[in-house]
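Scroll down for the structure; my scribbles are underneath it.
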Amino acid sequence: MTTSNTIDIAGAPASVKSESSVASVRRMLKNSLLISIRDSVLLKLATVDLLLVVFYIGLFLGGFFLYPALMGQPCHTQKEFNAFYNQQEHKAILLAVALTIQFLGTLFTNFLLLTVDSEIIRVWNGQKADFKRGWRTAASHFWSLATWSLLITPFNFMWVASMCIVIPVLTRDDTLNPFKMLWRSVLLLLKIWKEFLLGIVGMLVIVYWVFCLVFGSNAIFTSISSQCPPLIAWVLLSICISLSLVALCFCYLFCNCYLCGQYIKASEGVEPSPENAFGDPA
Amino acid sequence: MNVSELTLNFSSGVPIYRQIVQLLSGKILSGALSPGEKIPSIRDVTAELNVNPNTVAKAYRELELAGLIETRRGMGCFVAERDDARHTLTDDEKRRHLDTLFASLVTSAGMFGISEQDVSDYLTAKHAAATTKNNK
C-alpha cells in the first residue's frame with residue numbers, strides 16, 4: 001500500500017479548496033445578508049450594542065467638556081479649552097484618564113462585539129439567537145477580553161484586527177494570553193486569506209449600496225420636509241434618523257455575520273450555510 | 001455513546017470535521033464502539049458542541065465512505081456491522097485514514113513551527129530505528 005502525496009496541510013477540505021473563491025465568497029455574502037435580514041433577535045442585539053457604544057462615546061465627550069467646569073474653570077471657546085488642557089498640572093492626569101477611558105472603551109466595545117459574534121455563530125450553526133445568552137457568553141470570556149483590550153489599548157488601529165479576526169476566535173477559545181490569541185487568529189486567517197480579502201471588497205460594495213439607498217431617501221425626505229409644516233417635517237426627519245440607524249446596525253450585523261462565517265469555515269474546515277443539514281431555516 | 005465523549009479542541013488548528021472523524025474512527029477501530037451501536041445524531045452533536053451541522057454531516061459522510069458507519073433511513077447512524085473493522089479495511093480506506101492522521105500531525109506540528117519536511121524526516125528516522133531494532 002502506498003500513500004499518495006495529497007495531504008492538505010492547511011486543513012480545508014479539498015472540495016472547498018478546488019472551488020472558485022469568488023463563488024464561495026458570493027455564497028457566503030448572500031447567506032450573511034439572509035441571516036441579517038431574517039434574524040430579528042440578532043438585529044436587536046446589534047442595535048443595543050451600537051447604542052451602548054454611542055452612549056459611551058457621549059459620556060467620554062461629555063466628560064471632556066465637563067472636566068474643566070468641574071475643576072472650576074469653565075471653558076466656552078476652543079481657545080479656552082486648548083489653554084486648559086495645555087496646563088502642565090493637567091497633562092499627566094489627562095493622559096492617565098485618557099488611557100483609562102480608551103482601555104474601558106476598547107474593553108466595552110470588544111465585550112459587545114463578543115455578545116453579537118457568539119450569537120451569530122450559533123445562528124450559523126442552526127440554532128436560534130438568544131439575547132441573554134450572548135451577554136452570558138461575553139461575561140464568561142471577560143478576563144480574556146480584558147487582557148486583549150489591554151494589549152490593543154495603545155494602538156487605535158488594532159480594533160480592526162479585533163473585529164475581523166480575534167473576537168470570533170475568542171467566542172470558542174478562552175486564553176488569557178493575548179499574543180497566543182492573536183497568533184491563533186492569524187493562523188486561521190491564513191487558511192482563508194483569499195476569501196477574506198475578496199469578502200471585504202464584497203462587504204464594502206454592499207455597505208456602499210445600502211448607504212447610497214439610505215442617503216438618497218434621506219435627501220428626498222429632507223427636501224420634502226423643508227416645504228412641510230413643522231410637525232410633518234419633524235416626523236420626516238425622525239424617519240431619516242431611524243433609517244440611518246437601522247442601516248448602520250444592519251451593516252454592522254451583516255459584516256459580523258460574514259466574518260463569523262469565515263471563522264467557522266477556517267476552524268471547522270467546512271463552509272457553513274444558514275440552512276442547516278436538516279433543511280430547517282437558521 | 002454520549003456526545004460528551006467527543007471532546008473537540010478549537011485551538012489546536014486541526015479542522016473540527018477532521019477531529020470528529022479522528023475521534024469516532026479511533027473509537028470504532030479500537031473497539032470502544034461496537035458494531036451496530038448507535039452514534040449521536042448530527043442534530044445532537046451540533047447542539048451539544050456548538051458546531052455547524054454541515055461540519056458534522058461532512059465528518060459522518062467521510063466515516064460512511066470509509067465504511068466505518070452506516071446510515072439507516074429514519075433511524076440514524078450506526079457503527080458498521082463488521083467482525084473486525086481493522087482487518088477488513090481496504091487499501092483505499094487505509095490510505096484515507098493515513099492521509100487524515102498525517103495531515104493532522106503536520107497541522108499540529110506547524111503550530112510549533114515544525115515543517116512538513118521535519119515531520120517526514122522524523123518519521124523516516126523512526127521507521128529506520130524500528131526496523132533496526134526488529135532485525136536485531
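No lab work stands behind these numbers, since they all come straight from the coordinates. Every value quoted in this text rests on a predicted model; they were computed, and no experiment measured them. Please note: Cβ atoms are built from the backbone with ideal geometry, for glycine as well, and neighbour counts cover all protein chains shown.
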Local electrostatic count at B:Ile16 - Lys and Arg +1, Asp and Glu -1, tallied over other residues with Cβ under 11 Å: +3
Spatial extent of region A:60-164: Rg and Dmax, with the Cα atoms as the point set, Å: 18.7, 58
On Cα atoms only, tilt of A:193-225 relative to the major axis of chain A in degrees: 40
Test item: A:259-270 mean partner chain Cβ contacts at 10 Å: 5
Size-normalised alpha-carbon gyration radius of region A:15-268, reference 2.2 N^0.38 Å: 1.18
Residue order, fewest to most surrounding Cβ atoms within 10 angstrom, among B:Glu5, B:Glu62, A:Glu89: A:Glu89, B:Glu5, B:Glu62
Diffusion coefficient, µm² s⁻¹, Stokes-Einstein with Kirkwood Rh over alpha-carbon pairs of region A:212-256 at 4 °C and 1.567 mPa s: 118
More than 18 Å apart - percent of Cα-Cα pairs taken over region A:139-197: 28
Rh by Kirkwood over Cα pairs, then Stokes-Einstein D for region A:183-282 at 1.567 mPa s and 4 °C, µm²/s: 79
Extension reserve of the A:Lys132-A:Lys91 stretch, reckoned as 0.36 nm per residue once the Cα distance is removed: 10.6 nm
Equivalent ellipsoid dimensions for region A:123-243 as semi-axes, Å, which come from the Cα gyration tensor, largest first: 39, 19, 15
Sparse-neighbour loop sites [trypsin sites (Lys or Arg not before Pro); region A:94-156; at most 13 other C-beta within 10 Å; DSSP]: A:Lys128
Top of A:Val41, A:Val201, A:Val116 by mean-square fluctuation, Gaussian network on chain A, Cα under 10 Å: A:Val201
Ranking of A:Cys75, A:Cys255 by count of other Cβ atoms within 10 Å, fewest first: A:Cys75, A:Cys255
Cα extents of region B:3-135 along the three principal axes, largest first (Å): 52, 35, 22
Distance (nanometres) between label positions extended 7 Å along Cα→Cβ at A:Phe60 and B:Ser108: 4.4
